[in-house]
């Protein structure tokens, strides 16, 4: 299958020409999510047409256009249903009409966490499994679930994709989502500085000398033996582990794949979560595998192929 | 539809003749779950045949036999997959062969929490909704989920039905399931005495004079103003509320139904959980309704009709 694919993040979008599991050509387009989506659509059109031409592929050869979006979407009706201060105009844009007009191709849209799962399922860390949970650890914690080869979507399109918003601490920190004690509010990029500064001994920690606190410096100082960094690192790993058990108990997967920028420390994180899950998840049928994602930033782009294939299936929402 | 229905609990089973949403006749059979299932099957056969005859219904008029089982089951293959010290011999019994031989009818089996959901969906608190989460609060916390009119089952038949085993406290009490800090380990019948006895002031509480601690006396003494009972009651309600948010974030329901013996205090519990959910669940589409179950112990029996109907549908697992 040949596909055009757009992976839309907060500050830039990657436009790509996909052929099966290969990215034939790609180019990054700067965006400004506060400024909206409508104004950058013409740049996506120009870029994708240029990439297709340079690849020697006529537009009529593509099966469609896939858009990975950083918000909640209704895939069946090809529209954005809810945004969170990123491209807030997207809910009122007819994206399929834009795609038909720009390329003569139909467009399908999916949430970015689900697109990453589709990509890893098709060509990455979840290949060979039809029951998958994926988490992305970054500024927030993204989640997605697939059961028996189908993405879990639900009535209001949010099933499975709030995996960072299972509670880890019933009386914990208020989350940006409105809930309390979510895994994301206790162990993600945005909440990490609060957690570090509340940890006893912070003032004398190496982390107190950092201009900003992030997972890179927490893992680096933990490796050097800084007690505050160690305590925070181990607490974060524990919260991710507990959250993984929650997702296993909810969705009954064979494999849980972890991606996102924090996975630069996958060599520490994956074995620790695997060990916790093997000991504590209630899975009398066997053991769930914990794996690192393989495709990095390409996962969302490569999700285009299964997303567009799904569009051809009968009865699939 | 006419159906024979068996709701199998730890100390007794209810055998019933069902016609649509009515229980035409029923009788309780004593069982001993430690003693196994095989030895009580003949009593179920005798009882159901007698009830059918007394109701003037010939066995050939029934669509089948439904069995609600207190353990994990494979509905597609009509077998018990995992037990927890109740009817441990059930995994090796060919229940469909037994039913064919005893009644000339096919049998379908489902987990008891899922059967209660089916019953409440068909004729109780979840009527009119196809996206449902159900919890039962008792000695443990049971859970089940329905998405777009289909029970969520998953690869290993455990999706959705471990709703009492989402974490509420990442560093909490060890649960009987093997995980840590599950809602069930913090706020269910079996864990309640541990929670009460660890609460500061317990020795001078009215609860210290009770021969055994249960939700009935916790709610009663809380209503009378006992500070320990109040603290424990409110902590339990908070944990159930947070757990409800977890299930909403996982399964995207329109309605969450609460059943089980603890719901004798539904007038306090349901409004408190509804208020928490309305404030804290991330549901940009609207508000999830929290409701009390309506059918009590009959829910599992009445689940027979949708379970056996499902067996006729094409492509339903």
Notebook entry, point to check: Across peptide B:145-152, how many C-beta atoms of other chains are within 10 Å of each residue C-beta, on average?
Noted result: 3
Margin query: I need to check one value: relative contact order of region A:248-317, counting alpha carbon pairs closer than 8 Å and at least 6 residues apart, in percent.
Written below: 39 percent
Next item on the list: Identify which of B:285, B:190, B:98 has the largest mean-square fluctuation in a Gaussian network model of chain B, with springs joining Cα atoms closer than 10 Å.
Entry: B:285
Notebook entry, point to check: In chain B, which residue puts its Cβ closest to the axis that turns chain B onto chain A, and how many whole Å away is it?
Noted result: B:250, 2
Checklist line | Taking chain A and dividing mean pair separation by its residue count, relative contact order in percent (alpha carbons under 8 Å, at least six apart) | finding: 19 percent
Checklist line | Ordering of B:113-124, B:191-202 by burial proxy (mean other Cβ atoms within 10 Å per residue, highest first) | finding: B:113-124, B:191-202
Notebook entry, point to check: Taking chain A as a Gaussian network, Cα atoms linked when under 10 Å apart, which of A:212, A:275, A:55 shows the biggest mean-square fluctuation?
Noted result: A:212
Checklist line | Copies compared at residue A:204 - label distances in nm, ascending, label defined 7 Å from Cα in the Cβ direction | finding: 3.8
Notebook entry, point to check: How crowded by other chains is B:214-226, given as the mean number of beta carbons from other chains within 10 Å of each beta carbon?
Noted result: 0
Note to self: Looking at region B:127-293 only, what percent of DSSP beta bridges run antiparallel? Nearest 5 please.
What the structure shows: 55 percent
Next item on the list: Indicate, rounded to the nearest 5 percent, the antiparallel portion of the DSSP beta bridges found entirely in chain A.
Entry: 60 percent
Note to self: If I build a Gaussian network model for chain A, linking alpha-carbon pairs within less than 10 angstrom, which residue out of A:208, A:13, A:188 has the largest mean-square fluctuation?
What the structure shows: A:208
Checklist line | Share antiparallel - DSSP beta bridges, the protein assembly as shown, percent rounded to 5 | finding: 60 percent
Notebook entry, point to check: residue A:198 versus residue B:23, label points 7 Å from Cα toward the beta carbon: distance in nm?
Noted result: 4.7 nm
Next item on the list: Specify whether the C-alpha gyration tensor of the protein assembly as shown places it in the rounded, prolate or oblate class, a ≥ b ≥ c being the square roots of the eigenvalues: rounded for a/c under 1.5, otherwise prolate if a/b is larger than b/c and oblate if not.
Entry: oblate
Check: Over region B:127-293, what per residue volume does the convex hull of the Cα atoms give, in whole Å³?
Finding: 116 Å³
Next item on the list: Using the 7 Å Cα-to-Cβ label point, sort the distances from residue A:104 to its equivalents in the other copies shortest first and give them in nm to one decimal.
Entry: 6.6
Check: What are the distances, in nm and sorted shortest first, from the label point of residue B:85 to the label points of the same position in each other copy, with each label point placed 7 Å from Cα along the Cα-to-Cβ direction?
Finding: 5.0
Next item on the list: Compute the relative contact order of region A:176-317 as a whole-number percentage, counting only Cα pairs closer than 8 Å that sit 6 or more residues apart in sequence.
Entry: 18 percent
Margin query: Can you show me the helix-derived [θ] at 222 nm for chain A, built from DSSP H runs with n ≥ 4 at -39,500 (n - 2.57) apiece and divided by the number of residues, rounded to the nearest 500.
Written below: -10000 deg cm²/dmol
Check: What average number of partner chain Cβ atoms lie no more than 10 Å from the Cβ of the residues making up B:80-93?
Finding: 1
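Just so you know, all these numbers are worked out from the coordinates, no wet-lab data involved. Model, not experiment: these values are computed from the prediction. Positions of Cβ are backbone-derived with ideal geometry, glycine not excepted, and every protein chain shown enters the neighbour counts.
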